[in-house]
Amino acid sequence: MSEMQELLQGLVIRSQAGWMTVRTSQGDYACRVRGRLRRGRAEGDLVAVGDQVMVAPPQADGTGRIDEILPPRHSVLSRKLSGVNYDYQQIILANPDQAFFCFCHR
């Protein structure tokens with residue numbers, strides 16, 4: 001069986017410290033982004049919660065690998081990254097259908 005046939009499609013549901021939790025039809029997997037995908041890109045804009053991805057099946061330790069990010073993103077929630085000397089948008093959420101913001105003023 002080729003590697004492409006073994007990949008599972010999933011949705012990134014959590015991102016923390018370089019690890020992405022990806023929900024697939026076979027369950028949730030803790031995954032890292034494949035090295036070749038990270039070349040030349042800031043990891044903060046590469047994969048975000050809400051992205052559809054293709055993951056390699058989990059290894060013996062239960063971790064997977066994100067091999068492909070499926071386009072396109074139809075919308076993003078992002079912010080400008082502070083403390084840098086270039087224009088950079090950190091993607092907080094990819095492909096949101098709705099957003100609800102609640103603020104409190106004293």
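Filter the stretch 76-95 down to residues that are surrounded by 12 or more Cβ atoms within 10 Å (Cβ to Cβ) and either assigned to a loop (DSSP other than H, G, I, E, B) or not small (Gly, Ala, Ser) (or both), then give me how many there are.
At the first step, the residues of the stretch 76-95 found to be surrounded by 12 or more Cβ atoms within 10 Å (Cβ to Cβ) are 76-78, 81, 88-95.
Those still in the list that are either assigned to a loop (DSSP other than H, G, I, E, B) or not small (Gly, Ala, Ser) (or both) too: 76-77, 81, 88-93, 95.
So the answer is 10.
Taking Pro57 as the residue in question, decide whether it is under 18 Å from Leu7 (Cβ atoms) and either touching an Asp or Glu at 6+ places or on another chain (Cβ under 9 Å) or not β-branched (Val, Ile, Thr) (or both). Before the answer, list the steps.
Values: under 18 Å from Leu7 (Cβ atoms): yes; either touching an Asp or Glu at 6+ places or on another chain (Cβ under 9 Å) or not β-branched (Val, Ile, Thr) (or both): yes.
So Pro57 fits the description; yes.
Residues of the stretch 67-98 that are at pLDDT below 85 and in contact with a Leu (Cβ under 7 Å, 6 or more places away or on another chain): Tyr88, Gln90. The set of residues in the stretch 60-106 being of a type in the set (Lys, Arg) and within 17 Å of Met20 (Cα to Cα) consists of Arg65 alone.
Filter the stretch 33-59 down to the residues that are at pLDDT 85 or above, under 9 Å from the mean Cα position of the chain (by Cα) and closer than 16 Å to Gly18 by Cα and list them by number.
Keep residues of the stretch 33-59 that are at pLDDT 85 or above, which gives 33, 47-56.
Narrowing the set further to residues that are under 9 Å from the mean Cα position of the chain (by Cα) leaves 33, 47-53.
Within the stretch 33-59, Val33, Val47, Ala48, Val49, Gly50, Asp51, Val53 meet the criteria.
The values are calculated or read from the model by the stated rules, or taken from the named source; none is laboratory data. In this text, all values refer to a predicted model and were calculated from it rather than measured experimentally. Counting neighbours? That spans all protein chains shown, and the Cβs are built from the backbone with ideal geometry, glycine included.
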